[in-house]
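The values are calculated or read from the model by the stated rules, or taken from the named source; none is laboratory data. The shown structure was predicted, so the numbers you read here are calculated from the model rather than taken from an experiment. Using ideal geometry, Cβ is built from the backbone for each residue, glycine included, and neighbour counts are taken over all protein chains shown. Remember, those area values only see protein heavy atoms, side chains included, never the ligands or the DNA or RNA. Shrake-Rupley method; radii C 1.70, N 1.55, O 1.52, S 1.80 Å.
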Amino acid sequence: MAARTLNEDSHKASIAVSEQIKSPVRRRLLRQSIIAYAFLLPTFIFVGLFSYRPVVRALIGAFTAWNGLLPPTWVGLSNFIQLFHDPVFLESLVHIGWWSLIGIPLGMLAAFAAALMIYRLRSMRAQYWFRFLFVMTMAIPGIVGILIWVDFYNPGGAIDLLLNVVGLGRFGTAWLANPQTALWALILMGFPWVSAFALLIFYAGFQGIPTELVDAATVDGATSGQRVWRIEVPLLMPQIKLLIILSIVGISQNLLTPLLMTNGGPENASITPVLYMYQNAIDYDRFGYAMAIAFVIFLVSMTLAIVGMKYIRTGNEQEGNGV
Amino acid sequence: MSMNQARRPKYVIYLLLVMLLVLAAYPMIFMVANALKNGDQYTVNPFSFGVAPPFGQFFVLAWEYLEASFFRTFLIIALSLVGVIGFGMLSAYAFARLKFYGKAFLFYAIFGLLLVPGFLTLIPLFLQIKNMGLLDSDWALILPYIAGGQAFAIFVFRTFVQGIPNELFESARLDGANDFQIFQRIVVPLSVPIMITIGLLNITAIYGDYVWPSLVLAPSQSTVAMAIANFVPPPAIVSVNVVNMQFAAYTLAAVPMVLLFLFFMRYFVAGLTSGAIKM
């Protein structure tokens with residue numbers, strides 16, 4: 001009995017002691033929390049007002065009808081139902097599909113080829129200078145590049161004149177105002193499509209390839225072409241997948257190019273989903289509908305990115321880290 | 001592989017690379033060449049490299065056209081950077097070095113913003129700015145730019161601050177420094193390179209932004225991107241020369257970015273690839 005009481009007492013005492021120890025720890029954590037919140041406060045004020053709030057409004061707004069003047073009214077899923085019967089929206093999906101299918105391989109191929117050629121140069125100095133110069137081509141702001149291409153595409157512009165020179169002048173047209181060519185003019189803008197970003201990613205990937213592997217292949221008599229297809233392309237798959245995902249995300253979000261070059265015209269021949277969202281909100285005051293479009297693009301591009309990320313990760317595990 | 005085989009492709013590679021480079025740089029070359037010509041020379045042959053007398057006249061006109069826009073854009077960029085870098089560093093310090101309640105939750109709350117694309121918030125943010133009465137004010141750009149830059153900046157800064165050796169912090173604490181002193185005397189000075197990287201990424205993004213400023217600013221308050229996209233030729237200029245003045249304006253608009261790239265190439269490369277590594 002006595003022993004038990006003693007035991008209980010000491011147990012109680014130890015609880016009391018541990019609480020005594022704990023409470024200063026807790027008090028210290030509380031004090032540090034207050035300091036931390038002070039450090040975080042400006043960030044959260046800004047993102048709260050200008051990031052979270054519009055995100056919430058965007059997600060709710062997709063289920064409302066709203067002209068910007070009267071308060072929005074809840075319409076449930078009807079924006080989405082209307083959207084999938086909207087011929088312009090469906091057309092815009094086809095356009096973005098073509099843009100991805102044609103534009104992404106062209107861009108990847110160009111950057112891969114450029115990175116490969118630079119990597120094959122013996123002189124490190126030459127490698128450095130070519131990389132430097134390709135990155136410098138990116139220094140020109142995107143908007144300036146787009147405006148110059150608008151001039152190239154204008155009737156009588158650089159493209160038409162080039163066609164004249166090679167004797168194909170009869171094919172000259174107002175590339176951006178012709179419904180047959182407007183979308184393709186957007187997709188093919190930026191020839192020769194060497195993105196310095198993709199080039200740097202690929203170049204870093206080449207540098208990550210173990211030299212023993214290449215040496216072994218060379219000893220076995222592999223040709224340069226075999227080296228590319230059997231070693232370099234498979235080992236650069238993580239980079240390729242990464243760039244495909246970033247390109248899909250980039251193309252689906254690209255509002256600037258179609259807005260400035262064609263504004264989706266003529267007669268929606270070059271409309272894209274993001275531009276259609278913009279037009280619905282800014283030109284037609286259909287804010288709820290616009291937010292529904294944004295919602296759909298967001299879901300689709302997120303799904304594609306998540307699916308792609310999964311593949312990237314498995315790729316990286318096989319290979320180590322190329323970048 | 002014989003020597004012969006190994007050597008021949010090298011010429012071809014150099015030749016192909018130079019061709020590719022010239023093609024990639026061609027819009028820039030075309031732009032500068034035509035800014036230096038007059039309208040007649042442009043109409044006859046836009047590919048030539050003529051020079052119009054008086055030399056550089058269109059640059060003078062383009063500068064007059066863009067001057068106010070340049071100052072406005074630089075002011076907007078400067079204030080936005082103070083917010084992005086300053087607030088971003090403060091938060092990064094908290095996430096990297098302090099223990100506090102709700103840390104994981106708050107970190108994911110910030111991290112999640114990286115997944116929110118700009119187009120999703122474009123319309124509600126526009127309506128919000130309108131309701132706040134901020135249309136036609138520079139704050140309509142600065143405040144959203146500061147908010148929009150936080151997530152990525154915090155993410156990159158946090159990794160950097162975590163890499164600062166622990167001994168520095170411990171010895172400062174022994175000397176009785178509080179968190180703000182540690183932040184000011186240790187973290188900020190050591191983080192200058194990473195702040196430059198993040199600063200450059202934000203500068204290029206803000207400088208090249210056309211969609212948002214064209215929504216919230218009046219034409220009379222154009223940023224550089226707006227001014228060149230919605231080009232309005234001054235009445236004094238002969239209409240045939242408008243295109244040349246336009247190219248001069250494009251050239252001037254490109255100059256600050258080209259200079260930044262020249263001086264900070266290393267930081268740009270670091271910044272570009274840092275985004276990819278994080279994925």
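Computed values, structure above
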quantity: Buried solvent-accessible surface, both chains (A, B), 1.4 Å probe, Å² to nearest 100; calculated: 7800
quantity: Residue-averaged [θ]222 nm for the protein assembly as shown, counting only DSSP H segments that reach four residues, each worth -39500 (n - 2.57); calculated: -23000 deg cm²/dmol
quantity: Distance between modelled label sites at A:Leu161 and A:Tyr284, nm, 7 Å Cα→Cβ extension; calculated: 4.0
quantity: Gaussian network model of chain A, springs between alpha carbon atoms under 10 Å - residue of A:Asn164, A:Asn178, A:Asn280 with greatest fluctuation; calculated: A:Asn164
quantity: Residues in the stretch A:54-75 occluded by at least 20 Å² - accessible area, probe radius 1.4 Å, against chain by itself; calculated: A:Pro54, A:Val55, A:Ala58, A:Trp66
quantity: Residues B:Leu115 and B:Arg173, FRET efficiency given R0 of 51 Å [Cβ-Cβ distance, rounded to 0.05]; calculated: 0.90
quantity: Area of A:Trp66 that stays accessible when all protein chains are in place (1.4 Å probe, Å², to 10); calculated: 40
quantity: Cut-off under 5 Å, modelled amide H: who pairs with A:Thr64 long-range; calculated: A:Val75
quantity: Separation in nanometres of the label points that stand 7 Å from Cα toward Cβ, at B:Phe74 and A:Phe132; calculated: 2.7
quantity: Magnitude of the charge dipole, the stretch A:80-319, Cβ model with Lys/Arg +1 and Asp/Glu -1, debye to 20; calculated: 560
quantity: Three principal axis lengths of the protein assembly as shown [C-alpha, angstrom, descending]; calculated: 113, 76, 52
quantity: Nitroxide proxy distance, nm - points 7 Å out along Cα→Cβ at B:Asn166 and A:Gln180; calculated: 7.1
quantity: Of the DSSP H helices in chain B, those whose Cα atoms cover at least 20 Å axially and whose Kyte score averages 1.0 or more; calculated: B:3-35, B:57-97, B:139-162, B:192-208, B:242-278
quantity: Residues of the stretch B:235-269 with amide N under 16 Å of a point placed 7 Å along Cα→Cβ from A:Gln207; calculated: B:265-269
quantity: Efficiency of FRET from Cβ geometry, A:Arg26 and A:Leu69, R₀ 60 Å, rounded to 0.05; calculated: 0.70
quantity: Overall dimensions of the stretch A:84-188 as given by Cα atoms, namely Rg and Dmax in Å; calculated: 18.1, 59
quantity: Using θ = phi - 60° and Karplus 6.51 cos²θ - 1.76 cosθ + 1.60, couplings along the stretch A:36-43 (whole Hz; Gly, Pro as x); calculated: 4, 4, 5, 5, 7, 3, x, 4
quantity: Debye equation applied to the C-alpha atoms of the stretch B:64-278, log10 I(q)/I(0) at 0.11, 0.13, 0.14, 0.15 Å⁻¹; calculated: -0.64, -0.85, -0.95, -1.04
quantity: Shielding by partners - mean other protein chain Cβ count within 10 Å, residues of B:24-32; calculated: 6
quantity: Cα-based shape type of chain A, given that a ≥ b ≥ c are square roots of the gyration tensor eigenvalues and the cut on a/c is 1.5; calculated: oblate
quantity: Reachable aspartates and glutamates from B:Lys99, criterion Cα separation under 17 angstrom, eight or more residues apart if same chain; calculated: B:Glu170, B:Asp179
